[in-house]
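Working notes, structure below.
Computed from the coordinates by the stated procedures, all read-outs in this text should not be read as laboratory data. No experiment lies behind these values; they were computed from the predicted model shown. Positions of Cβ are generated from backbone atoms using ideal geometry, with glycine treated the same way; all protein chains shown enter the neighbour counts.
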Amino acid sequence: MLGIIGSAALTACTSTIFPQTDGTDPSTLAITLVEVANGLESPVYATSPIADPRLFVVEQPGRIRVLRGASLLPEPFLDISDRVWFEGERGLLGLAFDPDFRASGRFFVNYTDLDGNTRIEAYLDVDRGDRADPGSDMLFLTVAQPFPNHNGGQLEFGPDNMLYIGLGDGGSAGDPIGHGQDASTLLGTILRVDVLDQLGPPYRIPADNPFVGDPTRRPEIWHYGLRNPWRFSFDTGRGFMFIGDVGQNRWEEINAVPFDDGGENFGWNILEGTECYAADSCDAENTRLPVAVYGHGDGCSVTGGYTYSGSEITALRGRYIYSDYCAGWLRTFQLSANGTAGDPGELDVPSPGSVTSLGQDADRELYVLTAGGRVLRIAAGNQP
């Protein structure tokens, strides 16, 4: 039975983003996938420092590999596999380069340690080469994980140069401890902290974080009410933050919110998608609904993605592209400046396999990563 959202929530929903068509059929766009690497072990993310031609690929067992064009360097950029618990949803999950990496040589990782807890650490690439120093680790944050799943994983520096950290609800099924709606815990959230201009920990709390001064809520929190925000990204052209939040039994969702609006509650576990979770009715007042949802007949685990802002594929510019781990399709919609979302459509490309993540290089071109060890670039091309 579908849950019915209470009338209070209907009032709240009027401020959310409503879907409408933008008139473009994505299946008609001339897009292809070009394989640039194969044979990686469980690649889960790819990114680049600003103005750096290399692509850095995160392998879940605990290594970061370097791609120069289509050449995968034999030695890893960083190998901390002896510190990483790699199993299921655990492992090395996220990577973010300091916005001033060229000067600082510093980058941040998100991984599951041998005790099963999340660690956010900084490392140094002292000589700015292709090998970082595994002994340069600086611990910035550790978060206890009560269960082995829903670890989140994303790290991203925002347009404000703050570090954003995605954390799942702590796992099991249905959020049994109630972390999603409990802002006194860091689980089920996206954090926003200031780590710049510091040689090491601790991080600073930005003064404009929404819960600063509230003794009942953690001041690091930027958003909450999330189940497992596996991947999120920033659309600097339109000023939105996109969050792919993995669902429970029925719905996968994409959230979008102006990136300078903190304190949003995305509803888990009151809601799953736009429906009440585990109840015939619910009061979802003050929650923000997703801009796109799809059911488990159409996939199983949303990967999240990026708004395309590269130069190679003009027809994709300004369109948000995302995928699903089980289905392997690539879907896209366009978000206008006033926050309306076009109906999602599917790109006409063969499924590359189980999609673990999308990635972005310094030129803002996009890549697809698969559980089978492939890295593919989304490129302009004729329809098959």
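Annotations for the structure displayed:
- All distinct Cα pairs of the stretch 62-161 go into the 1/r average, and the inverse of that average, the Kirkwood radius, is 14.2 Å.
- Against the rule of thumb 2.2 N^0.38 Å, how large the Cα Rg of the stretch 291-363 comes out: 1.10
- Debye, to nearest 20: dipole size of the chain, +1 on Lys, Arg Cβ, -1 on Asp, Glu Cβ: 440
- Contour excess over end-to-end distance, with Cα ends at residue 348 and residue 204 and 0.36 nm allotted per residue: 47.3 nm
- Extended-chain gain in nm, criterion 0.36 nm per residue less alpha-carbon gap, residue 70 and residue 103: 9.2 nm
- Of the three principal axes defined by the Cα atoms of the stretch 164-248, the extents in descending order read 39, 35, 23 Å.
- Based on Cα atoms of the chain, Rg over Rh with Rh as the Kirkwood radius reads 0.94.
- Backbone HN-Hα couplings from phi across the stretch 48-55 [Karplus 6.51/-1.76/1.60, Hz, Gly and Pro as x]: 9, x, 4, 6, 10, x, 7, 10
- Take 124-132, 142-150, 221-229, 358-366 and order them by the average number of nearby Cβ atoms within 10 Å per residue, most first; the result is 221-229, 358-366, 142-150, 124-132.
- Annotation: amide H-H contacts under 5 Å for residue 106 (H modelled 1.01 Å from N, sequence separation of 5 or more, or interchain): 98, 125.
- Take the Cα of residue 249, go 7 Å toward its beta carbon, and the backbone nitrogen atoms of the stretch 262-281 under 18 Å from that spot belong to 268-281.
- Cut-off under 5 Å, modelled amide H: who pairs with residue 272 long-range: 277
- By the Cα gyration tensor, the stretch 237-384 has an equivalent ellipsoid whose semi-axes, rounded to whole angstrom, run 27, 19, 12 from largest to smallest.
- Sequence-ordered 3J(HN,Hα) estimates for the stretch 162-168 from the Karplus curve with 6.51, -1.76 and 1.60 and θ = phi - 60° stand at 7, 8, 9, 10, x, 10, x Hz, glycine and proline given as x.
- Label point 7 Å beyond Cα of residue 380 along Cβ direction - residues of the stretch 310-354 with amide nitrogen under 13 Å: 310-317
- Placed amide H near residue 370: partners under 5 Å, 5+ positions off or other chain: 356
- Computed helical MRE - 222 nm, the chain, DSSP H runs ≥ 4 contributing -39500 (n - 2.57), nearest 500: -500 deg cm²/dmol
- Computed from phi, the 3J(HN,Hα) profile of the stretch 105-112 under the Karplus parametrisation 6.51, -1.76, 1.60 (θ = phi - 60°) reads x, 9, 9, 10, 10, 10, 8, 8 Hz, with x in place of Gly and Pro.
- Extension gain for residue 139-residue 260 works out to 40.8 nm (0.36 nm per residue, less the C-alpha to C-alpha distance).
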